[in-house]
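The values are calculated or read from the model by the stated rules, or taken from the named source; none is laboratory data. Nothing here was measured: the structure is a model prediction, and the numbers come from that model. Note that we place each Cβ from the backbone using ideal geometry, even for glycine, and neighbour counts take in every protein chain shown. Side chains are part of the model used for accessible areas, which takes the heavy atoms of the whole protein and leaves out ligands, DNA and RNA. Shrake-Rupley method; radii C 1.70, N 1.55, O 1.52, S 1.80 Å.
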Amino acid sequence: MLPVLIIAGDGHEHTTTEVGDILAQQFHLTEADLKELLPSGKQSKFTNRIGWVSTYLRKTKLLDGTGRGRFRITDRGQQVLSTNPTRIDIKYLERFPEFAAFQGQQRTANNDTEIVKETNQTPKEVLEESYLLLRRDLAQELLERIKRKPPIFFERLVVELLVAMGYGGSLKDAGQAVGRSGDGGIDGIIKEDRLGLDYIYIQAKRWEDTVGRPAVQAFAGSLDEQRARRGVMITTSSFSQEAHRFVSRIEKKIVLIDGEMLAQLMIDYNVGVAVEETYVVKRVDIDYFEEE
């Protein structure tokens with residue numbers, strides 16, 4: 001926060017983009033630093049941090065917003081700079097009543113303000129990392145439950161997931177195709193699209209140990225016997241590095257879905273999960289207020 005306030009100390013109007021360029025040079029940030037994303041992958045962490053710095057400093061009236069992504073230092077901001085602070089952080093800003101009101105500290109001592117203060121993260125970073133933690137726990141619980149169910153349950157799960165992802169046409173069509181073949185290491189054949197213009201060969205097993213190259217290579221051989229070009233191997237465990245290297249080097253396309261990816265796909269396509277809470281994060285529509 002202090003570097004941003006120092007830049008604004010010249011009294012001129014600045015933009016967050018301009019300040020970002022200056023800070024990137026000042027702190028010798030690499031291209032990788034600037035491209036580091038928030039957990040959602042929708043915004044860079046650097047851009048997010050600058051945006052929140054601008055928000056915090058405007059809420060404490062150290063900066064004055066002059067337009068979309070634009071600001072200018074205030075008299076209070078100049079007074080703060082005149083004291084030569086060595087650091088400006090959330091703890092420093094708590095001396096201003098406007099910031100305390102913004103954070104809502106008087107409502108409860110256990111709100112997000114305390115989390116941000118402890119981790120030195122922006123509220124959006126806290127929200128997204130909390131979401132990822134919940135998602136990670138959910139994925140682990142899904143895998144544990146899958147492993148406790150009988151094989152026929154796993155076959156049905158694979159069918160529902162593939163249909164939810166747009167393969168196999170209907171549940172009835174996919175159900176007839178998967179878990180019925182057992183021909184040379186192939187557990188099922190499913191339509192790639194609803195018209196059946198092409199087919200995907202499937203092997204789905206509840207393995208406990210890491211699946212190595214020999215098993216994947218055997219599946220590839222089964223595809224050769226069927227003159228098939230595409231295949232999917234699904235396991236509740238994991239694949240070795242040699243297995244991944246093998247499928248990356250062969251001509252036919254084989255997708256390896258390990259337990260972690262399986263659980264994540266189930267979450268993404270709402271298979272075996274239910275919505276518990278929904279949070280919608282909104283922002284001010286600047287265009288609305290700039291209309292004449």
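Structure values in brief
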{"quantity": "Check on Asp10, charged (D, E, K, R), part of a helix (DSSP H, G or I) and at pLDDT 90 or above", "calculated": "no"}
{"quantity": "Selected residue [open to solvent by less than 90 Å² (accessible area, probe 1.4 Å), of a type in the set (A, V, I, L, M, F, W, C), over 23 Å from Gln121 (Cβ atoms) and modelled with pLDDT of 90 or more] from Ile73, Ile88", "calculated": "Ile73"}
{"quantity": "Counted residues, the range 170-206 - those being touching a strand residue (DSSP E or B) at 6+ places or on another chain (Cβ under 6 Å), at pLDDT below 65 and polar (S, T, N, Q)", "calculated": "1"}
{"quantity": "Qualifying residue in the range 24-35 (condition: surrounded by 16 or more Cβ atoms within 10 Å (Cβ to Cβ), in contact with a Gly (Cβ under 8 Å, 6 or more places away or on another chain) and assigned to a helix (DSSP H, G or I))", "calculated": "no"}
{"quantity": "Subset of the range 267-292 (residues that are assigned to a helix (DSSP H, G or I), in contact (Cβ under 8 Å) with a residue 60 or more places away in the chain and open to solvent by 100 Å² or more (accessible area, probe 1.4 Å))", "calculated": "Glu290"}
{"quantity": "Boolean, Val247 is open to solvent by 10 Å² or more (accessible area, probe 1.4 Å) and not charged (D, E, K, R)", "calculated": "yes"}
{"quantity": "Count of the range 94-103 residues which are part of a helix (DSSP H, G or I) and open to solvent by less than 70 Å² (accessible area, probe 1.4 Å)", "calculated": "4"}
{"quantity": "Leading residue by the ranking (modelled with the lowest pLDDT) among those in the range 13-23 that are out of contact with any strand residue (DSSP E or B) (no Cβ under 8 Å at 6 or more places or on another chain) and surrounded by fewer than 16 Cβ atoms within 10 Å (Cβ to Cβ)", "calculated": "Thr17"}
{"quantity": "Residue in the range 1-12 that is surrounded by the most Cβ atoms within 10 Å (Cβ to Cβ), counting only those that are over 29 Å from the mean Cα position of the chain (by Cα) and of a type in the set (A, V, I, L, M)", "calculated": "Ala8"}
{"quantity": "Filter result for Glu225 (exposed (fewer than 13 other Cβ atoms within 10 Å of the Cβ), touching a residue at least 12 places away in the same chain (Cβ under 8 Å) and more than 17 Å from Val159 (Cβ to Cβ))", "calculated": "yes"}
{"quantity": "Matching residues in the range 120-151 - criterion: being of a type outside the set (A, V, I, L, M) and open to solvent by less than 70 Å² (accessible area, probe 1.4 Å)", "calculated": "Gln121, Thr122, Pro123, Glu125, Glu128, Ser130, Arg135, Pro150"}
{"quantity": "The range 199-232 - residue that is polar (S, T, N, Q) and over 31 Å from the mean Cα position of the chain (by Cα) and, of those, farthest from Leu256 (Cα to Cα)", "calculated": "Gln226"}
{"quantity": "Filter result for Tyr167 (surrounded by 15 or more Cβ atoms within 10 Å (Cβ to Cβ), in a loop (DSSP other than H, G, I, E, B) and at pLDDT 75 or above)", "calculated": "yes"}
{"quantity": "Some residue of the range 229-236 being in a loop (DSSP other than H, G, I, E, B), closer than 18 Å to Phe154 by Cβ, modelled with pLDDT of 85 or more and of a type in the set (S, T, N, Q)", "calculated": "yes"}
{"quantity": "Cβ pairs under 7 Å, 6+ apart, first in the range 71-93 and part of a helix (DSSP H, G or I), second of a type in the set (Lys, Arg)", "calculated": "Arg76/Lys61; Ile90/Lys117; Lys91/Lys117"}
{"quantity": "Qualifying residue in the range 43-63 (condition: among the charged types (D, E, K, R), open to solvent by 70 Å² or more (accessible area, probe 1.4 Å), assigned to a loop (DSSP other than H, G, I, E, B) and over 19 Å from Glu98 (Cα atoms))", "calculated": "no"}
{"quantity": "First in the range 122-148 and over 14 Å from Gln264 (Cβ atoms) and at pLDDT 85 or above, second anywhere and of a type outside the set (A, V, I, L, M, F, W, C) and loosely packed, with under 13 Cβ neighbours inside 10 Å, Cβ under 9 Å, 6 or more apart", "calculated": "Lys147/Glu208"}
